[in-house]
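Let me begin by presenting the structure, written as structure tokens, before commenting on it.
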Amino acid sequence: MNSSILSTLLLCIHLVWSHSLAAQQRPKLTIVTEHLPPFQIVDKNYSVTGFTVDVVSATIENAHYPYEIQSYPWVRSYNLALTKPNYCIFSMARIPTREKLFKWIGKVTQDFNATVWGLKKDKKDIHSINELKNYVIAVNQDDATHIGMVENGFIAGQHLYIHKNSNSLLNLLVTRKEIDFIIADDISITHRAKLANIDINSLYRVIELTNLPLNFYLACSLKTDDSVINDLTHSLDKLYQDGSYQKIIKKWQPSMPYYTAGKPTP
């Protein structure tokens, strides 16, 4: 065998062995999330797919860490990532009250804002966030919309109806007369309506909350070693730089009609 070919072969074997050894020495990461189509889609067999799932999976695989993705209701996923070492969570909005609670890797979506939705048959003319304090808004417990609205002076039990199951917010809007609005985003609202068996055309966009951005991130618990955080951060950055992120967007574009070229449409 030609000596140069042999050298190349040996180098390849060494690289494969090195990556394998590095993976064995690296901690296994547990990645938690929730069912939030089209970002994260949990099927009946509990398999998790979706736009952000592809982004997170590529990030971790390219950093050569063993991992598993598990889906739970948001409150449980949040508490696991908050307290356990080598636990990470997505897609989580990065807001001031969470800043020091996690180690932040990077964005898995582009920026967009939360939006208030209501029923067309009960349409109300709303021009500012303060006007919403005259109504009752259903939000998910402990998610960015709940925390963000509290930070804007909204009070649970008075302005806010706190609910634990994000899948049934629209059902509350339809079936509970005391609920005037819900808060969601322009990307997932179509999927939420389908899941709730509600005609999307029966809803209207009340107001966009420009002071409540939903910048969805991948983040890890404070008990996760900084070396893991650095590796994942570099790996995610590379996805943006080498065009991989844009390819993932293109793949999922049919499932995200309001998401164009990485930025939500108005």
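The table that follows gives values for the structure above.
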| read-out | value |
| --- | --- |
| Pick from region 36-55, criterion more than 10 Å from the chain's Cα centre (by Cα) and assigned to a helix (DSSP H, G or I), ranking: surrounded by the most Cβ atoms within 10 Å (Cβ to Cβ) | Val55 |
| Enumeration of residues in region 193-233 that are of a type in the set (S, T, N, Q), within 20 Å of the chain's Cα centre (by Cα) and within 21 Å of Asp180 (Cα to Cα) | Thr210, Asn211 |
| Selected residue [under 22 Å from Ile89 (Cα atoms) and among the aliphatic types (A, V, I, L, M)] from Ile147, Ile182, Ile155 | Ile147 |
| Verdict on Lys194 being closer than 20 Å to Val75 by Cβ, basic (Lys, Arg), modelled with pLDDT under 90 and touching a Pro at 6+ places or on another chain (Cβ under 9 Å) | no |
| Odd one out for Leu239, checked against (1) in a loop (DSSP other than H, G, I, E, B); (2) in the same structural domain as Lys28 (by TED's automatic domain parsing) | (1) |
| Selection within region 57-96 - touching a Lys or Arg at 6+ places or on another chain (Cβ under 9 Å) and in a loop (DSSP other than H, G, I, E, B) | Ala63, His64, Tyr65, Pro66, Pro73, Lys84, Pro85, Asn86, Arg94 |
| Helices (runs of 4 or more DSSP H) within region 108-200 that include 1 or more residues touching a residue at least 12 places away in the same chain (Cβ under 8 Å) and farther than 21 Å from Val42 by Cβ | 144-151, 169-175 |
| Residue ID - nearest to the chain's Cα centre (by Cα), chosen from residues in region 87-102 that are in contact (Cβ under 8 Å) with a residue 40 or more places away in the chain and surrounded by fewer than 19 Cβ atoms within 10 Å (Cβ to Cβ) | Arg94 |
| Residues (farther than 21 Å from Ile187 by Cα and of a type in the set (A, V, I, L, M)) located in region 33-84 | Ala58, Ile60, Ala63, Ile69, Val75, Leu80, Ala81, Leu82 |
| Residue in region 111-130 that is among the polar types (S, T, N, Q) and more than 29 Å from Phe51 (Cα to Cα) present | yes |
| Region 212-228, residues that are at pLDDT 95 or above, crowded, with 17+ Cβ neighbours inside 10 Å and of a type in the set (A, V, I, L, M, F, W, C) | Leu218, Ala219, Cys220, Val228 |
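The values are calculated or read from the model by the stated rules, or taken from the named source; none is laboratory data. Predicted model only: the values in this text are computed from it and were never measured. When we count neighbours, we look across all protein chains shown, and the Cβ atoms used for this are built from the backbone with ideal geometry, even at glycine.
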